[in-house]
1. Counting only residues that are surrounded by 17 or more Cβ atoms within 10 Å (Cβ to Cβ) and within 10 Å of the ligand (Cβ to nearest atom), how many does region 116-126 have?
2. Considering each residue of region 1-50, count those that are in a loop (DSSP other than H, G, I, E, B), loosely packed, with under 15 Cβ neighbours inside 10 Å, without any contact (Cβ under 8 Å) to a residue 40 or more places away in the chain and hydrophobic (A, V, I, L, M, F, W, C), and give that number.
3. In region 67-104, what residues are assigned to a strand (DSSP E or B) and among the hydroxyl-bearing types (Ser, Thr, Tyr)?
4. Mind checking which pairs have a first residue in region 90-118 that is closer than 18 Å to Glu135 by Cβ and a second that is of a type in the set (S, T, N, Q) and part of a loop (DSSP other than H, G, I, E, B), Cβ under 6 Å, 6 or more apart or different chains?
5. Being near the ligand (Cβ under 9 Å from one of its atoms), surrounded by fewer than 23 Cβ atoms within 10 Å (Cβ to Cβ) and of a type outside the set (A, V, I, L, M, F, W, C) narrows it down to one of Glu79, Glu97, Glu53, so name that one.
Amino acid sequence: MSWRSTLSRLKRRGYLKSEKVEEALIEVDRSKFVPERHRDYAYSDRPLPIGEEQTISAPHMVAWMTELLDPSEDDRVLEIGTGSGYQAAVLSRLVDEVHTIERVENLYKSAQENLKDFENVYIYHRDGSKGLKDEAPFDKVIVTAAAPEVPDAWKEQLKEGGMLVVPVGEGFRQTLKVLAKKNGELIDLKSEGGVRFVPLKEGER
Ligand code: SAH
């Protein structure tokens, strides 16, 4: 499977819409974020295991969430759930800064390695449900693990008028929500059904 043909399919299926997101997906080599034993599938549209029972999201999900976030070059973005670092790398081509949080130490370490050439990506090893107060406020927040509900910290750390893209819900299926901060509160802009993410982990850190 070639990357170009995968991207054409994402366009036909409506996940990939803008030229700038397509360029970012061309610029960042997904195979560099995939463990060696799965590299044959790096350019296929499927999630792949990255260890610690976690996955790198499928390309259509990365394209879709990136489009929903409506990235602009002045944005400072917070990502919850660094995983392989691939989503952060793609975003880094489209925005000013990406701050990304990973809770699992091994994944944090391999993401640091994967992202070492991406100078506008900052990685933190901590619990993302608390957000990142020191660097707030953010223009956008993207969450790549399923949240049973939206913690106050994410709302508080978002700028007025800012946007949050997050899979909300419990169990195997969640709703992908696009929320905006208006008058200090989060309002629903869009809800897209039936996505499947690994749940956000709670506890230590
Ligand atoms: N964006 C990633 C895929 C994310 S998978 C990529 O492009 O590869 C979800 C990630 O969220 C996993 O790496 C998981 O360890 C992490 N995670 C789960 N709970 C978390 C929490 N409370 N804080 C930060 N990261 C968390």
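1. The total comes to 1.
2. 0
3. First pass over region 67-104, keeping only residues assigned to a strand (DSSP E or B): 76-80, 97-102.
Within region 67-104, Thr100 is the sole residue that qualifies.
4. The qualifying pairs are Ser92/Asn120; Glu97/Asn120; Thr100/Thr82; Glu102/Thr82; Ala111/Thr82.
5. Going through Glu79, Glu97, Glu53 in turn, the sole match is Glu53.
Each row is one residue, and each column tells you yes or no for (1) within 15 Å of the ligand (Cβ to nearest atom); (2) in contact with a helix residue (DSSP H, G or I) (Cβ under 8 Å, 6 or more places away or on another chain); (3) at pLDDT below 95.
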site	(1), (2), (3)
Ala111	yes, yes, no
Asn114	yes, yes, no
Ser129	yes, yes, no
Lys140	yes, yes, no
Val143	yes, yes, no
Asp188	no, no, no
Pro199	yes, no, yes
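The values are calculated or read from the model by the stated rules, or taken from the named source; none is laboratory data. Remember, predicted model here, so these are calculated numbers, not experimental data. Neighbour counts run over all protein chains shown; Cβ positions are idealised from the backbone, glycine included.
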